[in-house]
Structure formats: C-alpha cells, structure tokens
Amino acid sequence: MPDRDDLVESYLAPIRARNSDEPEFLQAVEEVARDVVTVEKQHPEFARNKVLERLTEPDRLIRFRVVWQDDAGEVQVNRGWRVQTSNAIGPYKAGLRFHPSVNLSVLKFLGFEQVFKNALTGLPLGGGKGGADFDPTGRSESEVMRFCQAFMLELAHHIGPDHDVPAGDINVSPREIGWLFGAYKKMQGRFHGAITGKGTAFGGSELRVEATGYGLIYFVQAMLAERGRDLSGRRVAVSGKGNVATHAAEKAVQEGARVVTLSDTSGTLLAPDGMGQEAIDWVRERKRAGEDIADPPGRLGLTFREGALPWEQEAEIALPCATQNEISGEAARSLIDGGCGLIAEGANMLLTAEAAGLVQEAGIDYAPGKAANAGGVAVSGLEMSQDAKGRFASGAEIDSALRGIMAEIHGRAAIEGRDGARIDYRRGANIAGYRKVARAICAFGVI
Ligand code: NAP
C-alpha cells in the first residue's frame, strides 16, 4: 500500500505539470489534496471517478478584452476573466475582483476554494471566480463606471440566475455592483437576480454588506464555545480596512471584544485598549474615499505605524481580512510569541505554507476562509432565493439565518475535523465540502 505522501504525490504530480506557472492555484490544490486523500480511501468511487482531477480542471475559463475610455479620452485596454470551476451542486457563484494582481492563477485558486466553501454553507451553490487586472486607484467615479459597463458588455454573455451569479470582492463594492447590474439589466432587457450584493432598493438582501465580517465573528464565537469561552474582553487583531475587516471589527466590538488593530498596505492602526465604533467608522470612511489611514484624528485614540503588521501586536485572536498569504512564517512566530490562540480567516488562504506548519505545531485553533468567511456567500445564496420568490426578509431574520448557517458550517467542519480534544478545522472543512461535491460528481456519471 502506498503511504499518504506517495498517494498525495501521485495526485499532485500531473496537476503540477499541467499548471506549473500557477503557484497560488497549486498551493490551494495541495492543501486540499493532503486532507481529502483519506476520504478517497473511504469512498473508492471518488478515486475511480477521478473527482479530484476533475475539480482541478475548471469547467470553463473565459478570458476577454475590456476596452474603455478614460477621462482624458484615451482608450484603455484591460483583461477580464470568469473562471467557472464547478456547477456540480448549483449555479456557479462567486465574486469579481478588480486589482492589478488578478491573474489566472489567483482566480483558479479562489474558484477552487469557493467550490468547497459554497458546499459547506449547505446551500445549492457551485463555485468559480472572476475579475479583471483593472486598478481603480486614482480613477474617477465616471472612469470606474465606464470600466464596469465595458466589463459587463462581455460578462453578460456568460452569466444568469440559474447559470452563474457573480458578486463583489476586492474593489467591487455595492457601488460597482450597481453599475454592473445596471449594465446587465440594460443589455438583457430583463430584471432578474444574475448578480448578488445588489442594493436593497433593487433586489438586494438586507445584511449582505455586513455578512462576511459578521459571519466571521459568529464562527469565532462557535470555536470559542467549544472551549467554554466567549469573546468578552479578548484582544483581537484584525488586518485590512475593507468590507470584511471593518464589519468583523464592528461585530467583535459589539460582542465585547477589544479590537486592537486594523491595517492597509501603508501600515497598521493600533488601539491597545480597543477601538470604538467611531474609530471603525473613520477607517470605513477612509476606505470609501480611497484614502490611507495614516493620520487618525487624536480623539479616536489610534496610533498609526507605517509599514507595521497587525501580527506584531499582542492578541489572543487574529483575524486576517486583507489578502492571500499575508501571514508569513515570521508573522506566525510573532503571533505565537504574542499569545495568539485562535486564527480565523476573513480573506482566503492567508497563511504561507511555512506559517501553516508553525501554527499547527503551536496547537493554535485555526479556521480556514472556506469555513470562517462563508457568511458572505451564504447571504448571497439567501439573496438569490429572495429574488426568485420576490419576497424579502428583514435584517433581523437574515442575521438570525446567518448565525444559524455559521453554526452549521462550524458543526460540519468540527465533525470531520475532530481529533481527540482538538479540532482540525482546515481538514474538517476540506473533507466536509469535498464529500458533498464528490457525491454529486459521481452521480452524474462520466461526463
Ligand atoms: P476590500 O473592501 O476591497 O478591502 C481590501 C482591503 O485590504 C483594502 O483596503 C487593502 O488596502 C487591504 N489590503 C490589501 N492587501 C493588503 C496587505 N498586504 N496588507 C494590508 N492590507 C491589505 O475587500 P473585502 O471585500 O474586504 O475583501 C477582503 C478579502 O476578503 C479578500 O481577499 C476577499 O477575497 C475576501 N472575501 C471577501 C468577501 C466579501 O464578501 N467581501 C467574502 C469572502 C472573502 P489598500 O486600501 O491599502 O489597498
């Protein structure tokens, strides 16, 4: 019998050969493969049907040119993509990211992760990802609007309410969703829920904007409850200053925690005694205005440290909410030295391979993004069903549904990941998501 490493290697070798120039994608596949080979032993039909190989080859990769005109009248050319990874359990469902770092490797990695995340929610949602290498920094409102319209001119051919339902992601906030949906509606001549994250005046769900950050805190509360603890008085370091970071910070404060950091690419804001709502609102406003966080007003009690990382602060809980691979080995060592006992990902794949090893060795409770940040896509799923029914739930109803879904995701990951007194949430989430998608793929036959 081959040992586990040999088995993993036998899966990975051809995948590596086929995708050799896609490091983020390979990193994500390797992590999942290490956990799910044991499932393949229990379900020989998964191996026979080559489920893992099929999932690492997206259903479809769509790449297109986006041509638009800037305020100076100059023609600009960008590249857009939609990766449709798997619709085994429902329509493709995932966000759009506008950022110069967007490329096929990043989108394939995000699409792969999304398949398992969406399965974990218990909702009928497939997975994918999309975006463009467009950088909105320094662009006027009308330039960003024209870009969104030009992007949708092509994307509209590939999406629809029972086919592929995009949403927001980095630099695609409710403002951009409005422009994208407006262009889609104009082109199709139809009003239906082909995009989520819409404003509540035109088919959006209450609490979609808050859902990822709030859901992250509900997941952390479920993790703490496993150990008979709660959030009250705990020091929480948060990275990022965007949608996920500020809503996670807000909910953590509401639940009694002390949020000691927020950050952006310029540096970190420190609040050793914890931030108040006014400080979080100020950060949110800076993000909205496209400005950095370097000069907080004195009344907020914040200090800005240029180039510093949140992980240098003492905190019991770390919530990385900015972008992939932001916790290096060195950052993980700082967290361990600072007494961190719990890391939950607001963004996706935040630990480098070295950091992941150190975190596991140190026995830190670690929740991967595919479980901990699934609140956003879960409320997107609720938005899809509200659009289909034409009946909309109140904020309190959605909040209660979100709490319930996050508790269920925690339960699914905990059952599969329990290892004595510890829960390996990464393994649990990978296995629970994979098992569900694999069963569907096998049921469809060889197609
Ligand atoms: P966002 O509103 O655009 O904010 C992202 C923020 O992260 C930006 O303010 C950016 O700072 C900051 N950032 C980027 N790289 C950084 C770095 N290396 N160090 C510190 N800060 C950095 O995006 P978001 O919607 O909050 O999403 C954040 C992450 O969560 C993304 O990875 C996304 O894929 C993931 N996620 C989002 C959702 C959702 O519902 N929105 C759901 C699941 C997962 P600058 O302003 O300096 O550029």
message: Six or more apart or on different chains, Cβ atoms under 6 Å: show the pairs whose first residue is in the stretch 212-226 and within 19 Å of VAL377 (Cα to Cα) and whose second is among the hydroxyl-bearing types (Ser, Thr, Tyr) and crowded, with 22+ Cβ neighbours inside 10 Å.
response: none
- line: Among residues of the stretch 329-345 being touching a helix residue (DSSP H, G or I) at 6+ places or on another chain (Cβ under 7 Å) and not in a helix (DSSP H, G or I), the residue surrounded by the fewest Cβ atoms within 10 Å (Cβ to Cβ) is LEU342
message: Considering only residues that are modelled with pLDDT of 95 or more and either away from the ligand (no atom under 14 Å from the Cβ) or under 14 Å from VAL238 (Cβ atoms) (or both), which ones fall in the stretch 283-294?
response: VAL283, ARG284, ILE293
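From VAL66, VAL32, which residue is closer than 22 Å to ARG427 by Cα and buried (at least 17 other Cβ atoms within 10 Å of the Cβ)? Working first, answer last.
Working: VAL66 fails: closer than 22 Å to ARG427 by Cα.
Just a single option satisfies the conditions, and that option is VAL32.
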message: Restricting to the stretch 136-174, give me the number of residues that are loosely packed, with under 15 Cβ neighbours inside 10 Å and over 21 Å from GLY111 (Cα atoms).
response: 5
Residues (within 11 Å of the ligand (Cβ to nearest atom) and in a loop (DSSP other than H, G, I, E, B)) located in the stretch 103-143: ASP135, PRO136, THR137
query: Can you tell me which residues in the stretch 297-324 are surrounded by fewer than 18 Cβ atoms within 10 Å (Cβ to Cβ) and part of a loop (DSSP other than H, G, I, E, B)?
result: PRO297, GLY301, GLY307, ALA308, GLU314
task: List the number of the failed condition for ALA201; all other conditions in (1) out of contact with any Cys (no Cβ under 9 Å at 6 or more places or on another chain); (2) small (Gly, Ala, Ser); (3) part of a helix (DSSP H, G or I); (4) in contact (Cβ under 8 Å) with a residue 60 or more places away in the chain hold.
output: (4)
task: Name, by its number, the condition in (1) at pLDDT below 95; (2) touching a Phe, Trp or Tyr at 6+ places or on another chain (Cβ under 6 Å) that does not hold for ALA322.
output: (2)
field: Hits in the stretch 193-241 - residues which are surrounded by fewer than 24 Cβ atoms within 10 Å (Cβ to Cβ), within 12 Å of the ligand (Cβ to nearest atom) and of a type in the set (Gly, Ala, Ser)
entry: none
query: In this structure, does ALA414 turn out to be within 13 Å of MET223 (Cβ to Cβ) and touching a Pro at 6+ places or on another chain (Cβ under 8 Å)?
result: no
task: Test each condition in (1) at pLDDT 95 or above; (2) assigned by TED's automatic domain parsing to the domain that holds VAL220 for GLY395 and report the one that comes out false.
output: (2)
- prompt: Within the stretch 267-278, is there a residue that is without any contact (Cβ under 8 Å) to a residue 40 or more places away in the chain, closer than 29 Å to SER140 by Cβ, surrounded by fewer than 20 Cβ atoms within 10 Å (Cβ to Cβ) and within 11 Å of the ligand (Cβ to nearest atom)?
  reply: no
message: Is it the case, given these coordinates, that GLY73 is in a loop (DSSP other than H, G, I, E, B) and either touching a strand residue (DSSP E or B) at 6+ places or on another chain (Cβ under 6 Å) or exposed (fewer than 13 other Cβ atoms within 10 Å of the Cβ) (or both)?
response: yes
message: Need the failing condition index for LEU207 against (1) modelled with pLDDT of 95 or more; (2) farther than 21 Å from VAL165 by Cα; (3) in contact with a helix residue (DSSP H, G or I) (Cβ under 8 Å, 6 or more places away or on another chain), just the number.
response: (2)
Count of residues meeting criterion [over 30 Å from GLU285 (Cβ atoms) and in contact with a Pro (Cβ under 8 Å, 6 or more places away or on another chain)] in the stretch 166-192: 1
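The values are calculated or read from the model by the stated rules, or taken from the named source; none is laboratory data. Bear in mind the structure is a predicted one, so any value in this text is a computation, not a measurement. Cβ: placed from backbone, ideal geometry, glycine included. Neighbour counts: every protein chain shown.
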